[in-house]
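The values are calculated or read from the model by the stated rules, or taken from the named source; none is laboratory data. This is a predicted model, so every value here is computed, not measured. Virtual Cβ from ideal backbone geometry, glycine too; neighbours counted across all protein chains shown. Ligands, DNA and RNA are excluded from the accessible area calculation, which covers all protein heavy atoms including side chains. Shrake-Rupley method; radii C 1.70, N 1.55, O 1.52, S 1.80 Å.
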Amino acid sequence: MTYLLLRIDFSDDPNCNWCTNKLRSGKVRVLQDANGREVQAGPTCARKNASNPNERVPDLTKATLELEGDEPPVGPSSVTPPKGPRTQGSGGLSVERQEQIRRDRAESYLLLRVEKLVGYKDVLFPRLQVVYQRYLDKALTEDDYNYLDNLMAKTKADRPKLSLRNLQATYACHYWIERFLEQDPKPFIQSLQAQLKDRLYLTPAQVGKLNECLSEQKRPLEIDPEAFVR
């Protein structure tokens with residue numbers, strides 16, 4: 001069966017769809033089969049089984065740091081340069097590579113606002129739902145990418161709490177707070193959840209407390225304490 005690499009995301013399920021190696025870090029590659037079913041894998045199995053192993057995909061875990069890598073990465077951090085002529089753009093990157101990065105950022109932003117942070121104040125509005133449906137149908141247009149680019153630029157300037165960087169930090173904390181509350185609904189973690197939903201922000205000290213919880217679970221992963229926009 002053919003599988004398509006969709007994104008890099010968080011998961012507390014340690015099982016890979018293909019092998020018995022445990023996925024310890026909490027970061028997984030999400031793939032989709034021809035029937036639309038999503039499965040997860042580590043970097044090596046994703047590379048072996050995806051039809052697009054070197055394609056840039058949305059990485060929703062960028063507010064985190066891996067403390068010890070189990071395997072070489074696959075996806076955004078290890079893209080194979082396109083074959084053929086390379087027209088140089090800014091920073092020495094090819095025009096094709098810059099376009100891949102641009103689309104990856106736009107799709108990540110769309111997923112954060114429509115899918116991953118449902119229920120957060122001011123994150124979702126109707127036009128984004130329309131663009132998201134085209135994303136699901138694999139029919140995003142150049143106008144859609146331009147719209148998302150402009151929205152990212154506007155929020156970065158005028159509403160930084162809704163910027164890509166801040167939403168990446170919010171999602172990382174949101175995901176692990178939800179997992180910790182499922183295991184043990186401590187009042188302190190509940191207070192972090194309430195503040196995050198109200199302000200889209202945690203202090204570096206509060207993020208440090210979440211990292212202590214991750215360390216207790218022996219995950220080689222931590223959230224960057226400086227990930228939020230101040």
Original post:
Got a sec? Which of Gln100, Gln168 is out of contact with any Gly (no Cβ under 9 Å at 6 or more places or on another chain) and farther than 27 Å from Asn211 by Cβ?
Top reply: Gln100
Subject >> Scope the range 121-158; condition more than 22 Å from Gln32 (Cβ to Cβ) and in contact (Cβ under 8 Å) with a residue 24 or more places away in the chain; matching residues >> reply: Lys121, Asp122, Val123, Asp149, Leu151, Met152
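Any idea which of Leu65, Leu23 is part of a strand (DSSP E or B), open to solvent by 20 Å² or more (accessible area, probe 1.4 Å), at pLDDT below 95 and of a type outside the set (Val, Ile, Thr)? Show your work before the answer.
Details: Leu23 fails: part of a strand (DSSP E or B).
Every option except Leu65 fails the conditions.
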Subject >> Residue in the range 138-159 that is open to solvent by 80 Å² or more (accessible area, probe 1.4 Å) and either modelled with pLDDT under 95 or β-branched (Val, Ile, Thr) (or both) present >> reply: yes
Subject >> Every residue from the range 151-189 that is over 17 Å from Asp104 (Cβ atoms) and of a type in the set (S, T, N, Q) >> reply: Thr155, Asn166, Thr170, Gln183
